[in-house]
Amino acid sequence: MHTDYRIAAMPRPSAAPDMTFLSMEAARRVRAFHKTFPQYSMTPLKALPQTAELLGVASIHVKDESFRFGLNAFKVLGGSYAIGSILADRLGLDGDGMTYGALTSPQARRQLGQMTFITATDGNHGRGVAWAAREYGHRSVVRMPAGSASERLENIRACGADAAITDCNYDDTVRLCARMAQENGWTLVQDTAWDGYEQIPMRIMQGYMTMGLEAMEQLPQPPTHLFLQAGVGSMAAAIAELYASAYGENRPTIIIVEPNEADCFYRTAAAADGALHAVTGSMPTIMAGLACGEPCSIAWDVLSACADYCVTCPDEAAARGMRILGNPWGGDERVISGESGASGFGCAAQILTLPELEPMRRQLGLSASSRLLFLSTEGATDRANYRRICWEGLHANV
């Protein structure tokens with residue numbers, strides 16, 4: 001088997017965690033909240049039948065999040081719901097009373113004053129937090145790890161944030177933001193968890209379920225395989241549990257995909273010793289949104305209970321995914337997908353076509369009857385890099 005592609009079965013926990021916060025009821029409640037936004041519309045689920053035939057599977061569907069709220073990525077779903085929940089708690093709103101209109105009303109703004117929300121991000125999450133804070137009438141501070149793309153920084157600043165790039169990696173940038181929040185009395189809105197910081201990450205995870213619920217309703221048939229890319233794992237966990245609980249015995253095989261340079265879930269699954277295993281250092285990968293070295297503890301608990309495999313892949317997989325989705329076979333509709341957004345699809349395409357990965361293909365149960373679902377979680381959020389990879393090849397960026 002190709003050494004750059006590694007697979008580990010997900011070890012099951014001795015006791016199942018409480019995952020009721022990711023129930024179908026919760027997903028419907030969250031989606032009802034998102035539908036109160038004037039910017040809300042369901043993002044498209046694109047079928048690629050001719051590409052599926054070429055790759056040797058029954059069907060391929062790709063959820064295209066480049067249309068989400070005009071922000072070119074899904075992350076705003078988590079930030080808007082988490083911040084909205086914080087504001088609703090302070091206003092004494094619950095249930096149907098938590099709406100975009102109620103949270104942005106003059107009365108709400110008078111009662112709350114101006115709050116400051118801070119987060120660390122590789123790009124999309126910070127843009128979503130900045131956008132949501134501005135929509136609600138509040139302030140945001142965003143810090144990004146070293147090496148972050150200037151276009152992503154400027155997009156965050158365009159949403160009104162005090163944004164800057166640090167000289168440290170993602171996980172250390174998270175710690176920096178946590179300190180800044182404590183020192184200044186700001187509210188940290190982070191999509192990863194640790195002891196004593198769980199409620200906001202859980203609400204962010206709930207926000208992501210809107211995307212999964214939409215796709216579930218759009219699919220003509222349930223998927224047999226669900227590929228989910230992971231950074232800290234919050235999105236993957238939210239969608240995995242939603243699909244596992246909704247389909248029960250008929251649930252899809254759930255595969256978590258990570259870059260080789262930031263494969264903390266793979267390492268944790270492979271070790272199977274009950275401890276979380278981190279990746280340290282700079283984590284150089286084109287999949288910037290997945291360059292996270294420490295798993296979200298809540299996400300790991302959820303994924304260990306409902307996901308099946310962790311796969312780690314090289315940058316060439318994401319690059320191939322970007323190129324195929326941008327130029328699919330035959331008359332299939334194209335999907336503009338960024339480096340992180342295309343990683344799940346690209347990894348699957350490699351597994352389906354590289355002869356040396358045939359053992360992995362068999363292990364995952366991929367066959368001519370397989371129905372594959374992917375979430376393209378971002379569009380071309382770094383357009384210069386997208387162009388380099390798709391026009392000039394991966395070598396132009398590494």
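Rule-based calculations on the coordinates, nothing more; no lab input. No experiment lies behind these values; they were computed from the predicted model shown. Because the Cβ atoms are built from the backbone with ideal geometry, glycine has one as well, and the counts that use them run over all protein chains shown.
What to note about this one:
- Projected area, mean over directions - segment 76-190, Cα convex hull, nm²: 6.7 nm²
- If you plug the beta carbon distance of Arg157 and Leu276 into 1/(1 + (r/R0)^6) with R0 = 45 Å, you get a FRET efficiency near 0.85.
- Size of segment 1-130: Rg and Dmax of its alpha carbons, in Å, are 19.6, 62.
- Take the Cβ atoms of Arg139 and Met24, set R0 to 25 Å, and the FRET efficiency comes out at 0.10.
- Only Lys, Arg (+1) and Asp, Glu (-1) charged, at Cβ; segment 122-190 dipole about Cα centre in debye: 180 debye
- With helices as the sole contributors, the chain gives -12500 deg cm²/dmol at 222 nm; each DSSP H run of n ≥ 4 counts as -39500 (n - 2.57), and the sum is divided by every residue.
- Rounded to the nearest 20 debye, dipole of the chain from Cβ charges on Lys, Arg, Asp, Glu: 920 debye
- Taking the average, over residues, of other Cβ atoms within 10 Å as the packing measure, peptides 346-359, 9-22 rank 346-359, 9-22 from highest down.
- Taking the C-alpha atoms of the chain, convex hull volume expressed per residue in Å³: 129 Å³
- Candidate aspartates and glutamates for bridging to Lys46, where Cα separation is under 20 Å - those fewer than 8 sequence places away on the same chain excluded: Asp64, Glu65, Glu214, Glu217, Asp332, Glu333, Glu339, Glu378
- Think of the chain as a dipole: +1 on every Lys or Arg Cβ, -1 on every Asp or Glu Cβ, centred on the Cα centre; then among Gly321, Ala73, Pro145, Ala73 lies furthest on the positive end.
- Length gained when the stretch Asp96-Trp329 is fully extended (0.36 nm per residue, less Cα-Cα span): 79.4 nm
- Ranked by the mean number of other Cβ atoms within 10 Å of their residues, highest first, the peptides 109-116, 168-175, 222-229, 25-32 come out as 222-229, 168-175, 25-32, 109-116.
- When the alpha carbon coordinates of segment 135-285 are projected onto the principal axes, the ranges are 48, 39, 32 Å, largest first.
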